[in-house]
Amino acid sequence: MRRLLFIVPLAVAAAGCGGSHGDRVVASVGTASITREQLDETVDRFGEEAAREGKPFVDNAAVRRHLLGLLVYRARIEQGAAAHGITLSHDAVEERLKSGGEAEESGDTGDDAFAESSVRAQLYTEAVYRRLAARIRDADPQRRQARRNTALAHWLAALPKRFPMRLPHA
C-alpha cells in the first residue's frame, strides 16, 4: 500500500509533463489503458462542474491523483464485469444517457466521454449485482438484501487485487 501511495503521485506528475502527448498512458488496469487525455478531460469536467456550482476548483497533484483513482476504479469495474462475461451494448449506454443520465445532469448533450464512462460503470455494476444476487436465496427479504449487498461489496473490494493498477515505465 505504501508503494502505491508513492507511485500514484509519480504517475500523476508524469501525466502533467511533456508536450501534447494526449495518448500517453498514465496507468493500466488489466487490458485497459488510462491516457493523459482521459485524465485531463476528467479534470476539466470537474472544473466545469465546480464553476457551474460557483465553487472553487484547484487543479493540483492531489486532485489529479484522486481523479486518476476514479478512472482506475471504473476500469476495474469494466474488467471485473468482463471476467464475468458481462458485456454492454452501445445502445444500452445511449439509452441510459438519453433517459436523464450524466449528460443531461451536466447540461451537456454532445459526445461526452466522461458521461459515457459514468453510465458504463453504472450499468456494469448493476449487471454484476444482478448476476451475484441471482445466486442468493433467503426467506427473509431483509437478510437476502443484506447478503446481496455484501456480495457486491466483496466483489468490489476484490477488484484492486484482481486488477492492479500498473504504471508505465519512465
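All of the numbers you see were taken from the coordinates with simple rules; none came from a lab. Bear in mind the structure is a predicted one, so any value in this text is a computation, not a measurement.
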So V58 and I86, fully extended at 0.36 nm per residue minus their Cα-Cα distance, gain in nm 6.4 nm
Please work out whether the range 18-91 counts as rounded, prolate or oblate from its C-alpha gyration tensor, where a ≥ b ≥ c are the square roots of the eigenvalues and a/c under 1.5 means rounded, while otherwise a/b larger than b/c means prolate and anything else oblate?
prolate
